[in-house]
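Some notes on the structure that comes next.
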């Protein structure tokens, strides 16, 4: 089965939270794995500018898992509004095959 593939980015407030979210997704075979990108962040939150260190978990998932990825992230995140962004892309054939074969 070949679905459209997405790169997914998920926010986390710290490494422990990133581990919790990624492990929950991997246990359900919803994503291929994950890379943690840590960096300082500045954003507007409730009318105030907030500075903090922040993590982004990046991974790949097929279209058929989008809604379940959102549900699992929301269930495991401590954030009021977890960032869950899906980016459509055209993978090379081997990458598409690996993504679809890796997840349930």
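The values are calculated or read from the model by the stated rules, or taken from the named source; none is laboratory data. None of these values were measured; they are calculated from a predicted model. Note: ideal-geometry Cβ built from the backbone for every residue, glycine included; neighbour counts use all protein chains shown.
Against the conditions (1) in contact with a strand residue (DSSP E or B) (Cβ under 8 Å, 6 or more places away or on another chain); (2) at pLDDT 95 or above; (3) over 23 Å from residue 99 (Cα atoms), residue 66 satisfies every one except (3). Scanning region 14-27 for residues that are under 13 Å from the mean Cα position of the chain (by Cα) and in contact (Cβ under 8 Å) with a residue 40 or more places away in the chain, we see that the one that is surrounded by the most Cβ atoms within 10 Å (Cβ to Cβ) is 21. Scanning region 49-70 for residues that are under 15 Å from residue 28 (Cα atoms) and exposed (fewer than 13 other Cβ atoms within 10 Å of the Cβ) yields one hit, 67. Surrounded by 19 or more Cβ atoms within 10 Å (Cβ to Cβ) and touching a strand residue (DSSP E or B) at 6+ places or on another chain (Cβ under 7 Å): is that true of residue 30 in this structure? When the stated conditions are applied, residue 30 passes them.
Only a single item in (1) assigned to a loop (DSSP other than H, G, I, E, B); (2) over 17 Å from the mean Cα position of the chain (by Cα); (3) closer than 16 Å to residue 9 by Cα is not met by residue 41, and it is number (1). Scanning region 46-104 for residues that are more than 13 Å from residue 3 (Cα to Cα), assigned to a loop (DSSP other than H, G, I, E, B) and more than 13 Å from the chain's Cα centre (by Cα) gives 46, 47, 78, 79, 80, 81, 92. Taken as a whole, the structure leaves residue 3 outside the set of residues that are over 29 Å from residue 101 (Cβ atoms) and touching a residue at least 12 places away in the same chain (Cβ under 8 Å).
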